Amino acid sequence: MLQQLEGSRAIAQGIALCKPEVVCAYPITPQTHIVEALAEMVRTGELANCEFINVESEFAALSVAIGASAAGARSYTATASQGLLYMCEAVYNAAGLGLPIVMTIGNRAIGAPINIWNDHSDSMAMRDAGWIQLYAETNQEALDLHIQAFKLAEALSCPVMVCVDGFILTHAYERIEIPEAHDVDAFLPPYDPVQVLDCNDPVSIGAMVGPEAFAEVKYLQHRKQLAALELIPEIASEFSARFKRDSGGLVKPYRLEGAETIVVALGSMNGTIKDVIDEMRNEGHAIGSLAIVSFRPFPLQAVRAALVDAKRIVILEKSLSVGLGGPLSDGVRKSLSGTGLHGHTVIAGLGGRAITRKSLKALFVKAEMDELELLDFLDLDRDIVNVQLEREKETRRSGPVAENVLKSIGTVASRIA
Amino acid sequence: MPLQPIKFYQTGTFTVGNRLLDESQRTVQANMRRTNSLNSGHRACQGCGEALGARYALDAAMQATKNRLIAANATGCLEVFSTPYPETSWQIPWMHSLFGNAASVATGIAAALKVKGKQDVRVIAQGGDGGTTDIGFACLSGMFERNDDVLYICYDNEAYMNTGVQRSSATPPAARTATTPAAGAHPGNSFGTGKNVPLIAMAHRIPFVATASVANLHDLEAKVNKAMTIHGARYIHIHVPCPLGWGSHPSDTLKVARLAVESGLFPLFEAEHGEITASLRLRKKAPVEAYLKLQRRFSHLFGEKPDRDTIAMIQAIADRNIEKFGLESP
Ligand SMILES: Cc1ncc(C[n+]2csc(CCOP(=O)(O)OP(=O)(O)O)c2C)c(N)n1
Ligand code: SF4
Ligand SMILES: [Mg+2]
């Protein structure tokens, strides 16, 4: 049924259709509306046979999910930013134990400086934790990916993060098709665990493993992700056959025919990128884009196949791997090895900085003229940076950086154009 | 036939008492059919109080639940010595996740059992003092406050033993640990304000809180039994000597544990909904010195020039306990 809904509400309805048995959460912007909606659905009975547990921290939230999943319940939680870092130890643990928990990340920057707005620093910090990571472009896809995520997680016994851009998606109202319950039931079979705490067949889960077997256990974790490379497209096509729309998959190419410049990105900014590409195509530019849906596992071959005929690659990233560049570029460059293409990393949208069509177009034109650096920053105000660098040079006690930069800017709101 | 008086020469244990009891009143441990939930073959040190305490508690809980029990375990000696991959000593469904999250994992297990309609299966969380009173404290308090259907058992050996005997918030004053060396003006652990987690548990007004000692098996089992008759959050704090960390003789584990109780340093009591309902009166009171002297972690207090002041301060703690918890024999 088509509905005009807030992204968070739509995601919550999608989760509810998946019939989770244990939902636990700790509030953090911009994840709150998702779990509030689920709490309400459990209270009203709309989501029956589900325990909703209000915990005292994100570390506890995921730990509760770990226990519940190991005891055979379909388990869900959601977080963002500081919350994801706070549960970091449990994030690795859930993957190491092979528990098919699904977790929504309402993508948000990480402090300091504390910032509630969107970028991908949070989920990127967990990219090597052993979770599958899927990035949604729209709220429809966000909802759909959650339904696919449970199927994928449970098929592989591997946890899945569905990454949804904070505010841009979580708080945006869009027209969304809510799937029918019977379709979801047919698509997603009940959870049948490969390991479970059972009095009739006792097992010990979480044993200590030394050098004699640790590498094998870890390799098997890697194998799951390799299997996911096969499974994600299969699940996506099964999904589109049943629900009559395309969602998910490994990558999503856009107007790649004859494209000399290809833009690679994750998540909602692909919408803006596509608009700019349409505009530039109309003007005769040979440009296209590739949205990466599955960041873990990283689809090296699919990315390579999509990019190999281009002349240049622009990798737009909402996360800065401080001291190196961008984490998405690591994967893209690896997929390009031997092709002669290297890819230009452009860091954009940090801490909610708007990524405008105007800036993107200027960037792509610059790329076409081969004027991009290997690592560039979109809309970085060099003047402000230089003022602070000067200040630091002049005075030893130059004071807190964030406060100084804010002072240089004046009012904050005026910057968000 | 005239009655013939029998003399018992064995003193200081309750073993004989157990045999004289009616079978229904005997300990679970005395029963040939005990489950050995934590089976032999594990890698604990000789005389490990924690291994003893865990078997006592879980066998009792197994009997109380007709073997319908799942345990979540914090990282620590108990976890490490019981599950060196691919071996396990656990005869029950058992799970280890992390150091600080056993209470939350147990909450999750209990929630899953509830939705699955398996409420006959009961859940225990267990950890060392570090995993309970320090790093797992937030999860523990959350589990209490929500009154989740979990019995949490803390095996208190008064330090981080698994990592090599470092101080925890349960380490007693003056005790030497690897991070509170017996050196300087005030050797050993400092006299802080203390952190009595059983009392903190009571402040949550959860249905049941108890302290227990491996030296008093009947009492320990009775408390576990009682805990299993109750639903909601429950907490049992068991004092478990660690020969390695305390520098006591492995054969003295029960003696040391008993002296902790008899000196008043480790009072045995139970509480319901935040109120103390019973405390174990001391049949015979021991001076703290008798307890301290058996342990090398306190050896800097003795020797040629005993540290009378410090010993007196420890005695004062014991005396205060005896008064506060009403341990004086009637
Ligand atoms: C987050 C984290 N910090 C530290 C450790 C290291 N560590 C493992 S076991 C342990 C000590 C456990 O002490 P306690 O809980 O008292 O149990 P015991 O070994 O004394 O029985 C420590 C510090 C860890 N595993 N995880
Ligand atoms: S170090 Fe102490 S607690 Fe750990 S196994 Fe040895 S005796 Fe037991
Ligand atoms: Mg300890």
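The values are calculated or read from the model by the stated rules, or taken from the named source; none is laboratory data. In this text, all values refer to a predicted model and were calculated from it rather than measured experimentally. Counting neighbours? That spans all protein chains shown, and the Cβs are built from the backbone with ideal geometry, glycine included. Protein only, heavy atoms only, side chains kept; ligands, DNA and RNA dropped before computing areas. Shrake-Rupley method; radii C 1.70, N 1.55, O 1.52, S 1.80 Å.
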Quiz item: Somewhere in region B:105-117, is a residue closer than 24 Å to B:Ala212 by Cα and more than 7 Å from every other protein chain (Cβ to nearest Cβ)?
Solution: no
Practice problem: Could you please let me know if B:Gly188 is out of contact with any helix residue (DSSP H, G or I) (no Cβ under 6 Å at 6 or more places or on another chain), within 16 Å of ligand 2 (Cβ to nearest atom) and in contact (Cβ under 8 Å) with a residue 24 or more places away in the chain? | Solution: no
Self-check item: In region B:215-241, the residues that are β-branched (Val, Ile, Thr) and open to solvent by 10 Å² or more (accessible area, probe 1.4 Å)
Solution: B:Thr229, B:Ile230
Quiz item: Restricting attention to region B:122-140, and to residues there that are open to solvent by less than 10 Å² (accessible area, probe 1.4 Å) and within 11 Å of another protein chain (Cβ to nearest Cβ), which single residue is farthest from ligand 1 (Cβ to nearest atom)?
Solution: B:Val123
Quiz prompt | Counted residues, region B:104-121 - those being modelled with pLDDT of 95 or more and either touching a His at 6+ places or on another chain (Cβ under 7 Å) or surrounded by fewer than 24 Cβ atoms within 10 Å (Cβ to Cβ) (or both) | solution = 7
Quiz item: Considering region A:319-355 alone, what residues qualify as being open to solvent by less than 50 Å² (accessible area, probe 1.4 Å) and among the polar types (S, T, N, Q)?
Solution: A:Ser319, A:Ser321, A:Ser329, A:Ser335, A:Thr339, A:Thr345
Quiz item: Among the residues of region A:1-15, is there at least one that is modelled with pLDDT under 95 and part of a loop (DSSP other than H, G, I, E, B)?
Solution: yes
Quiz item: Which condition breaks for A:Arg296 when tested against (1) more than 22 Å from A:Gly166 (Cβ to Cβ); (2) open to solvent by 10 Å² or more (accessible area, probe 1.4 Å)?
Solution: (1)
Practice problem: Residue by residue through region B:37-62, note down the ones that are in contact (Cβ under 8 Å) with a residue 60 or more places away in the chain, open to solvent by 10 Å² or more (accessible area, probe 1.4 Å) and away from ligand 3 (no atom under 16 Å from the Cβ). | Solution: B:Gln46, B:Tyr56
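Rundown of residues vs (1) more than 18 Å from the chain's Cα centre (by Cα); (2) within 14 Å of another protein chain (Cβ to nearest Cβ); (3) among the basic types (Lys, Arg); (4) outside any loop (DSSP other than H, G, I, E, B), yes/no style:
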| position | (1), (2), (3), (4) |
| --- | --- |
| A:Ile168 | no, no, no, no |
| A:His182 | yes, no, no, yes |
| A:Ala186 | yes, no, no, yes |
| A:Pro211 | yes, yes, no, no |
| A:Lys224 | yes, no, yes, yes |
| A:Ala228 | no, no, no, yes |
Quiz item: Taking region A:41-58 as the search range and keeping residues that are out of contact with any Leu (no Cβ under 9 Å at 6 or more places or on another chain) and assigned to a helix (DSSP H, G or I), which one is most open to solvent (accessible area, probe 1.4 Å)?
Solution: A:Arg43
Exercise. Being in contact with a Lys or Arg (Cβ under 8 Å, 6 or more places away or on another chain), open to solvent by less than 30 Å² (accessible area, probe 1.4 Å) and within 9 Å of ligand 1 (Cβ to nearest atom) is the filter here, so list the residues in region B:141-164 that pass it.
Key: B:Ala159
Practice problem: Go through the residues of region B:174-183 one by one and say whether even a single one is within 19 Å of B:Tyr291 (Cβ to Cβ), touching a residue at least 12 places away in the same chain (Cβ under 8 Å) and hydroxyl-bearing (Ser, Thr, Tyr). | Solution: yes
Quiz prompt | strands (runs of 3 or more DSSP E) (entirely within region A:290-401) containing at least 1 residues that are over 16 Å from A:Asn270 (Cα atoms) and not basic (Lys, Arg) | solution = A:344-347, A:375-377
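Residues checked against (1) within 30 Å of A:Leu406 (Cα to Cα); (2) within 17 Å of the chain's Cα centre (by Cα); (3) more than 12 Å from chain B (Cβ to nearest Cβ):
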residue: A:Glu58; (1), (2), (3): no, no, no
residue: A:Ala80; (1), (2), (3): yes, yes, yes
residue: A:Leu84; (1), (2), (3): yes, yes, yes
residue: A:Tyr92; (1), (2), (3): no, yes, no
residue: A:Gly98; (1), (2), (3): no, no, yes
Quiz item: Picking from A:Leu360, A:Leu389, which residue would you name as being at pLDDT 95 or above and in the same structural domain as A:Thr261 (by TED's automatic domain parsing)?
Solution: A:Leu360
Quiz item: B:Asn101: within 16 Å of ligand 3 (Cβ to nearest atom), open to solvent by less than 20 Å² (accessible area, probe 1.4 Å) and farther than 17 Å from B:Lys223 by Cβ, yes or no?
Solution: no
Practice problem: Quick one: in region A:109-129, of everything that is among the charged types (D, E, K, R) and open to solvent by 10 Å² or more (accessible area, probe 1.4 Å), which residue is farthest from the other protein chains (Cβ to nearest Cβ)? | Solution: A:Arg127
Exercise. Within region A:15-24, identify whether any single residue is more than 10 Å from chain B (Cβ to nearest Cβ), farther than 27 Å from A:Asp192 by Cβ and in contact with an Asp or Glu (Cβ under 9 Å, 6 or more places away or on another chain), and answer yes or no.
Key: no
Quiz item: Quick check: anything in region A:32-40 within 11 Å of another protein chain (Cβ to nearest Cβ), over 19 Å from the mean Cα position of the chain (by Cα) and not in a loop (DSSP other than H, G, I, E, B)?
Solution: no
Exercise. Filter region B:204-234 down to residues that are touching an Asp or Glu at 6+ places or on another chain (Cβ under 8 Å) and among the β-branched types (Val, Ile, Thr), then give me how many there are.
Key: 2
Self-check item: Subset of region B:65-104 [of a type in the set (Val, Ile, Thr) and either at positive phi or more than 7 Å from chain A (Cβ to nearest Cβ) (or both)]
Solution: B:Thr65, B:Thr75
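Quick grid of which residues meet (1) of a type in the set (Gly, Ala, Ser); (2) touching an Asp or Glu at 6+ places or on another chain (Cβ under 8 Å); (3) within 30 Å of A:Glu137 (Cα to Cα); (4) in contact (Cβ under 8 Å) with a residue 40 or more places away in the chain:
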| residue | (1), (2), (3), (4) |
| --- | --- |
| A:Glu177 | no, no, yes, yes |
| A:Ala186 | yes, no, yes, yes |
| A:Val194 | no, no, no, yes |
| A:Cys199 | no, no, no, no |
| A:Ile205 | no, no, no, yes |
| A:Met208 | no, yes, no, no |
| A:Pro211 | no, no, no, no |
| A:Phe214 | no, no, no, no |
| A:Val217 | no, no, no, yes |
